[in-house]
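Peer 1: Before I ask anything, here is the structure I am working with.
The values are calculated or read from the model by the stated rules, or taken from the named source; none is laboratory data. Predicted model, so just to flag it, every value in this text is computed and none were measured. Using ideal geometry, Cβ is built from the backbone for each residue, glycine included, and neighbour counts are taken over all protein chains shown. Just the protein is used for accessible areas: all its heavy atoms, side chains included, with ligands, DNA and RNA removed. Shrake-Rupley method; radii C 1.70, N 1.55, O 1.52, S 1.80 Å.
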Amino acid sequence: FDTRGNDKQTECCRAWLDPNATDIVYGGAKGGAKSFTGCKLIFGDAMMYPETHYFIARNELSALRKFTIPSIHECFDDWGLNISQYAKFNGQDNYYSLYNKSRVYLLDAAWMPSDPLYMRFGSMQFTRGWGEETGEWHEAAKNNLMASVGRWKNDTYGLAPKFLQTCNPSKNYLYRDYYKPWKDGTLPKWKRFIQALPTDNKMLSPEYILNLERTLNNNERQRLLYGNWEYDNNPAALIDYEKACDVFTNTHVPEGRKCITADIARLGGDRVVIIEWNGMRGKVTAYKREKLTVTTTNIEAARSRNAVGKSDVLVDSDGMGSGVEDFGGFKGFVNNARALPDPKKPVGADGKPVVENFDNLKSQCGFRMAEIINANGLYLECEDWMKPLIIEELEQVQQKALDSELKRGLLPKDKVKELIGRSPDFWDAILMRVWFELKPQVKLAMTTI
């Protein structure tokens with residue numbers, strides 16, 4: 001493998017050869033020779049070790065055919081080999097069959113409603129694998145494919161399981177689990193992160209980089225040319241990533257009104273999330289779906305701890321939540337209810353409160369909570385396992401119809417579920433806290449005798 005002076009490519013190859021490195025991310029920008037590297041490593045192994053099995057996965061199979069297959073041919077040309085003499089492509093089942101009985105499969109890693117947990121990868125057995133453009137993936141796809149490597153003739157050849165991911169900067173699990181720990185110096189030894197920039201690739205012409213400078217907008221230039229992982233690549237996002245991380249350290253947030261919000265599991269895989277609030281300081285508990293009586297008992301225990309009335313407890317009124325609302329006598333949060341007037345704003349010319357321009361109550365509360373988070377006004381106390389899940393949900397708080405003249409609204413819950421592979425139950429319980437700001441407490445006059 002002649003890397004032709006590309007030191008980052010050399011570093012990636014060394015990680016591939018290191019038996020202690022099993023999880024490798026090589027990415028950062030366009031033009032860093034990421035695809036060429038992946039093809040060389042996968043087909044290099046397949047050529048050297050007879051009867052071994054590999055995969056190349058991408059979010060869309062059509063993209064593999066259009067963009068990755070040409071890179072495969074380029075690799076064989078670089079070796080001075082006629083690919084037709086060494087590898088035959090089965091277009092029906094999408095795999096390469098090599099002369100030595102090794103195989104390289106092309107896989108579709110897209111999320112499917114019929115297979116939300118990626119069970120289709122569960123029985124697959126591979127020697128090693130490569131994920132292309134994994135910034136577009138759901139984390140569950142990466143986890144299930146990574147679990148499939150190291151299961152085919154690795155012992156025969158003494159090969160460590162390897163999973164290579166090539167990508168551009170993305171604010172998903174890649175940022176959380178690879179880039180950020182690498183930057184902080186806390187990346188585990190079995191993981192590797194290699195930052196690749198177009199300037200590392202000595203085979204690129206200066207005109208290519210100049211063209212990127214001229215044609216990319218600022219958002220794209222930061223990510224795809226400069227490899228800036230900190231730059232937000234989603235203009236519709238309402239919550240800054242760093243501010244989402246800060247909610248667990250914002251201990252300065254003052255105490256205030258005590259209340260409770262709860263998102264009740266409606267499906268077997270969803271969680272019950274209960275948050276005990278003291279101002280904008282929330283203590284979060286979560287557990288798997290339980291009987292209505294158990295959930296109601298848990299809410300009553302939280303109510304007793306905080307000395308609040310039933311009118312200070314708000315549960316979602318959709319699905320199972322409506323049962324808890326009726327059973328416990330609590331307040332109900334109706335997602336699709338009309339937006340409420342802002343009690344802190346003046347009334348209209350007709351003397352009536354002005355309803356804000358949101359498509360429903362949930363959107364109104366979501367936008368308000370996003371503003372609070374970005375202003376360092378939220379503090380959450382929870383167990384460590386919840387933190388990455390909460391951050392992941394806050395990252396997906398997006399405005400729908402960004403360029404529309406219509407009422408402002410949030411990205412629908414079913415779309416968020418597609419993006420993260422689960423229901424955003426923590427976020428639903430968090431945003432409901434704003435309802436109490438829109439429904440202020442009535443201050444009663446004190447009387448003396």
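Peer 1: Identify all residues within segment 152-199 that are among the hydrophobic types (A, V, I, L, M, F, W, C), under 30 Å from GLN396 (Cβ atoms) and surrounded by 14 or more Cβ atoms within 10 Å (Cβ to Cβ); write none if there are none.
Peer 2: The answer is PHE163, LEU164, CYS167, LEU174, TRP182, LEU187, PHE193, ILE194, ALA196, LEU197.
Peer 1: Could you check segment 200-221 and list, in sequence order, the residues that are surrounded by 15 or more Cβ atoms within 10 Å (Cβ to Cβ) and part of a helix (DSSP H, G or I)?
Peer 2: ASP200, ILE209, LEU212, GLU220, ARG221
Peer 1: Pairs needed: first member in segment 414-432, open to solvent by 20 Å² or more (accessible area, probe 1.4 Å); second member anywhere, of a type in the set (Asp, Glu) and not in a helix (DSSP H, G or I); C-beta distance under 8 Å; at least 6 residues apart or different chains.
Peer 2: Partner pairs satisfying both residue conditions: ARG422/ASP270.
Peer 1: Related question: Quick one: in segment 136-149, of everything that is without any contact (Cβ under 8 Å) to a residue 60 or more places away in the chain and either farther than 26 Å from ALA33 by Cβ or in a loop (DSSP other than H, G, I, E, B) (or both), which residue is least open to solvent (accessible area, probe 1.4 Å)?
Peer 2: ASN144
Peer 1: What pairs come out if I take residues in segment 182-202 that are touching a residue at least 40 places away in the same chain (Cβ under 8 Å) and farther than 23 Å from MET146 by Cα and pair them with residues that are open to solvent by 30 Å² or more (accessible area, probe 1.4 Å) and basic (Lys, Arg) whose C-beta lies under 7 Å away, six or more apart or interchain?
Peer 2: PRO198/LYS30; ASP200/LYS8; LYS202/ARG4
Peer 1: Check ARG221, ARG214, ARG176 and return the single one that is charged (D, E, K, R) and within 18 Å of the chain's Cα centre (by Cα).
Peer 2: ARG176
Peer 1: Residues being in a helix (DSSP H, G or I), modelled with pLDDT of 85 or more and under 17 Å from the mean Cα position of the chain (by Cα): count how many of those fall in segment 230-277. Reasoning before the result, please.
Peer 2: First pass over segment 230-277, keeping only residues in a helix (DSSP H, G or I): 241-246.
Then keep just the ones that are modelled with pLDDT of 85 or more; that gives 243-246.
Checking which are under 17 Å from the mean Cα position of the chain (by Cα) leaves us with 243-245.
Looking only at that region, the number is 3.
Peer 1: Of the residues that make up segment 12-27, is at least one open to solvent by 10 Å² or more (accessible area, probe 1.4 Å) and of a type in the set (Gly, Ala, Ser)?
Peer 2: Scanning segment 12-27, I find no residue that is open to solvent by 10 Å² or more (accessible area, probe 1.4 Å) and of a type in the set (Gly, Ala, Ser), so the answer is no.
Peer 1: Among the residues of segment 176-186, is there at least one that is among the polar types (S, T, N, Q) and not in a strand (DSSP E or B)?
Peer 2: yes
Peer 1: Still on this structure: Might you let me know whether segment 95-109 holds any residue that is within 18 Å of the chain's Cα centre (by Cα) and within 25 Å of THR52 (Cα to Cα)? Even if it seems obvious, please write down each step before you answer.
Peer 2: Quick first cut of segment 95-109, residues within 18 Å of the chain's Cα centre (by Cα) only: 109.
With within 25 Å of THR52 (Cα to Cα) added as a condition, the list becomes 109.
The answer is yes, given that some residue of segment 95-109 is within 18 Å of the chain's Cα centre (by Cα) and within 25 Å of THR52 (Cα to Cα).
Peer 1: Filter segment 351-368 down to residues that are β-branched (Val, Ile, Thr) and without any contact (Cβ under 8 Å) to a residue 12 or more places away in the chain, then give me how many there are. If you could, list the steps in order and put the result at the bottom.
Peer 2: Keep residues of segment 351-368 that are β-branched (Val, Ile, Thr), which gives 354-355.
Those left that are additionally without any contact (Cβ under 8 Å) to a residue 12 or more places away in the chain: none.
So the count comes out to 0.
Peer 1: Out of segment 122-132, which residues are modelled with pLDDT under 95 and not hydroxyl-bearing (Ser, Thr, Tyr)?
Peer 2: Of everything in segment 122-132, just one residue is modelled with pLDDT under 95 and not hydroxyl-bearing (Ser, Thr, Tyr), namely GLY122.
Peer 1: From the list VAL272, VAL253, which one is touching a residue at least 12 places away in the same chain (Cβ under 8 Å), touching a helix residue (DSSP H, G or I) at 6+ places or on another chain (Cβ under 7 Å) and under 30 Å from ALA302 (Cβ atoms)?
Peer 2: Sole residue among the options that is touching a residue at least 12 places away in the same chain (Cβ under 8 Å), touching a helix residue (DSSP H, G or I) at 6+ places or on another chain (Cβ under 7 Å) and under 30 Å from ALA302 (Cβ atoms): VAL272.
Peer 1: Moving on. Identify, from the list PHE43, PHE36, PHE76, PHE55, the residue that is more than 22 Å from LYS171 (Cα to Cα), at pLDDT below 95 and not aliphatic (A, V, I, L, M).
Peer 2: One residue alone meets the criteria, PHE36.
Peer 1: With the condition kept exactly as written, say whether any residue in segment 424-441 is more than 25 Å from ILE260 (Cβ to Cβ), modelled with pLDDT of 90 or more and either outside any helix (DSSP H, G or I) or in contact with a Gly (Cβ under 8 Å, 6 or more places away or on another chain) (or both). Steps first, please.
Peer 2: Restricting attention to segment 424-441, the residues satisfying the condition of being more than 25 Å from ILE260 (Cβ to Cβ) are none.
No: zero hits.
Peer 1: Using beta carbons and a limit of 6 Å, which pairs, at least six apart or on different chains, have the first residue in segment 150-175 and within 25 Å of THR52 (Cβ to Cβ) and the second one assigned to a helix (DSSP H, G or I) and open to solvent by 10 Å² or more (accessible area, probe 1.4 Å)?
Peer 2: That search, which allows pairs on different chains as well, returns PHE163/MET146; THR166/LYS34; CYS167/GLY135.
Peer 1: If a residue must be over 16 Å from GLY409 (Cα atoms) and touching a Gly at 6+ places or on another chain (Cβ under 6 Å), how many such residues does segment 345-395 contain?
Peer 2: Final tally of qualifying residues: 2.
Peer 1: Restricting to segment 15-27, count the residues that are in a loop (DSSP other than H, G, I, E, B) and under 18 Å from THR3 (Cα atoms).
Peer 2: Matching residues across segment 15-27 total 1.
Peer 1: Confirm whether GLU405 is part of a loop (DSSP other than H, G, I, E, B), open to solvent by 50 Å² or more (accessible area, probe 1.4 Å) and modelled with pLDDT of 90 or more. Can you show your working first?
Peer 2: Values: part of a loop (DSSP other than H, G, I, E, B): yes; open to solvent by 50 Å² or more (accessible area, probe 1.4 Å): yes; modelled with pLDDT of 90 or more: no.
Answer is no for this residue.
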